[in-house]
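The values are calculated or read from the model by the stated rules, or taken from the named source; none is laboratory data. From a predicted model like this one, the values you see are computed outputs, not experimental measurements. Here Cβ is always computed from backbone atoms with ideal geometry, including for glycine, and neighbour counts include all displayed protein chains. Ligands, DNA and RNA are excluded from the accessible area calculation, which covers all protein heavy atoms including side chains. Shrake-Rupley method; radii C 1.70, N 1.55, O 1.52, S 1.80 Å.
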Amino acid sequence: MPWFRNFLQLSTSAISRHSSLQRQAALSPPPSLTHLVTRFITTQSEPGRYAGLGPTKPDEKPRVVVVGSGWAGCRLMKGIDTSLYDVVCVSPRNHMVFTPLLASTCVGTLEFRSVAEPIGRIQPAISREPGSYFFLANCTGLDTDDHVVHCQTVTEGADSLDPWNFKLSYDKLVIASGSQPLTFGIKGVLEHAIFLREVYHAQEIRRKLLLNLMLSDVPGVTEEEKSRLLHCVIVGGGPTGVEFSGELSDFIIKDVHQRYAHVKDYIRVTLIEANEILSSFDDGLRKYATKQLVKSGVRLVRGVVKDVLPQKIVLSDGADVPYGLLVWSTGVGPSPFIKNLELPKAPGGRIGVDEWLRVPSAQDVFSIGDCSGFLESTGKPVLPALAQVNEILGPLIAAIYGLLFFHLGRLKQVAERQGKYLANELNRVGKASGGHANAAKDIDLGKPFVYKHLGSMATIGRFKALVDLRQSKEAKGVSMAGFVSWFIWRSAYLTRVLSWRNRFYVAINWTTTFIFGRDISRI
């Protein structure tokens, strides 16, 4: 048939043209790849040197290297003007974690993706601009004289590639690598306890909790072993420990009692704190939280952990506390990377900064977030490493609850406020032609950074929460607790989730959990 022969001829011609284009593409790399190759310095043939990004040229945009993808670093990247700077982020994770809602993911109230925001969404230039990158790596060293950061790629598993060392030249460096959980040198914590700071921590807690629930129902398990498997112990009575205790008690009351009827009488929660829970909150709120937690079935123990063994912890008074799940939440401190940097240190071992968040001894180096603190010479106290978001109500909620809460719409966490402040300062420096290395010595940085604490919030489960609007523990101010506070807490955090995509996820998760209960699948 003529039409069929014509169709075959056209198809053959199209296939031959496509094959010719493929051969040409194989012989000549695309422009984006050519640009990438020219920007990277490949020095494998020279022993003792790394591959990496070399110094920027005078006719190129200056480069801001951000170490870390936490609250401070991500807020800075979100606010940086990419028409003035190329942005390079170095972090062992490619997302930011919305930590205030992390405890909810452990028990299935929220899905894990609802609390993780990809770096490429926070700063789209990293995904599409030729001079901006994200590198999945850890920083291993810093040369402030040559404006160079040394890095090593992150690898996981035996079948992954060997770690690769590389270096990055910077015009402006922002160290926002965060902190690490404090163990106080207690033996066994790292081996047997689970922290609650990353998504994979929440995933591990969830898998462990559901595994213990299912194992305890297997025939032949002794009463003693069943009681141990279903004993959840939280060490640390700060906001994170209290909120997780509240979420866990809700999960037990609303879901475990219905879906694990055979073991419902064995599961219990113990919260261990050396002093008082929620020590920064108002005394009345603290007593209210204690009463509600006990009413929810949480056992409060005042004690100091002396040793952590595979199946029990030993307190300083000699008491043994068997556990099936151990969550450690006792505060944070500087990481080994921060400790090893030859930079001035603030009290507590953080990187010392001045009023403009600069590291005084290193030109073009700034530090923000939990890894930094004011030097003693500034006369300012070290700011708290807040895991809770203290921002909290937007104009809509303020309209509902009145002018009393309006100022909370401007209230932000320490790290986030620092990131926003420094982004504005770097943008101003870039517009004044001071973006390149050693070019901002004579440029005025403007007003120094000022932090004013305006309140804290925490949920305690069972549709109840705490709102403390005092500037300090000794100051006077408004404090409230109960269902209205819980509604404020949820509304506040929903407005603080970074993207509309994740706000939609969180709202849908809360709705489905309220109607159908929590998901108890162990995936």
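Considering Asp250, Asp255, the condition of being touching a Ser or Thr at 6+ places or on another chain (Cβ under 8 Å), crowded, with 17+ Cβ neighbours inside 10 Å and not hydrophobic (A, V, I, L, M, F, W, C) is satisfied by Asp250 alone.
Could you list all residues from the range 159-177 that are assigned to a strand (DSSP E or B) and surrounded by fewer than 17 Cβ atoms within 10 Å (Cβ to Cβ)? Passing the criteria: only Asn165.
Checked against (1) out of contact with any strand residue (DSSP E or B) (no Cβ under 8 Å at 6 or more places or on another chain); (2) free of Cβ contacts under 8 Å to residues at least 24 places away in the same chain; (3) of a type outside the set (S, T, N, Q), Pro163 passes all but a single condition, namely (1). Return yes when Leu293 is touching a Phe, Trp or Tyr at 6+ places or on another chain (Cβ under 8 Å), open to solvent by less than 10 Å² (accessible area, probe 1.4 Å) and in contact (Cβ under 8 Å) with a residue 60 or more places away in the chain and no when it is not. Considered against the rule, which asks whether it is touching a Phe, Trp or Tyr at 6+ places or on another chain (Cβ under 8 Å), open to solvent by less than 10 Å² (accessible area, probe 1.4 Å) and in contact (Cβ under 8 Å) with a residue 60 or more places away in the chain, Leu293 comes out as no. Screening the range 342-381 for residues that are under 16 Å from Tyr421 (Cβ atoms) and polar (S, T, N, Q) and picking the one that is most open to solvent (accessible area, probe 1.4 Å) gives Thr378.
For the range 485-501, which residues satisfy the criterion of being farther than 12 Å from Met457 by Cβ and either aliphatic (A, V, I, L, M) or outside any helix (DSSP H, G or I) (or both)?
Here is the first cut: in the range 485-501, the residues farther than 12 Å from Met457 by Cβ are 494-495, 497-501.
Leu494, Val497, Leu498, Ser499 - these are the residues of the range 485-501 that are farther than 12 Å from Met457 by Cβ and either aliphatic (A, V, I, L, M) or outside any helix (DSSP H, G or I) (or both).
Condition (residue is open to solvent by less than 20 Å² (accessible area, probe 1.4 Å) and within 30 Å of Asp255 (Cβ to Cβ)) applied to the range 312-319: is it met by at least one residue? Yes, that holds for at least one residue.
When Lys78 is tested against (1) at pLDDT below 95; (2) surrounded by fewer than 22 Cβ atoms within 10 Å (Cβ to Cβ); (3) within 29 Å of Lys339 (Cα to Cα), only condition (1) is not met. Only one entry of Val382, Val301 meets the criterion of being modelled with pLDDT of 95 or more and either out of contact with any helix residue (DSSP H, G or I) (no Cβ under 9 Å at 6 or more places or on another chain) or more than 22 Å from Asp468 (Cα to Cα) (or both), and that entry is Val301.
Quick grid of which residues meet (1) out of contact with any Lys or Arg (no Cβ under 8 Å at 6 or more places or on another chain); (2) open to solvent by 30 Å² or more (accessible area, probe 1.4 Å):
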position: Val235; (1), (2): yes, no
position: Val263; (1), (2): no, no
position: Leu278; (1), (2): no, no
position: Tyr288; (1), (2): yes, yes
position: Arg302; (1), (2): yes, yes
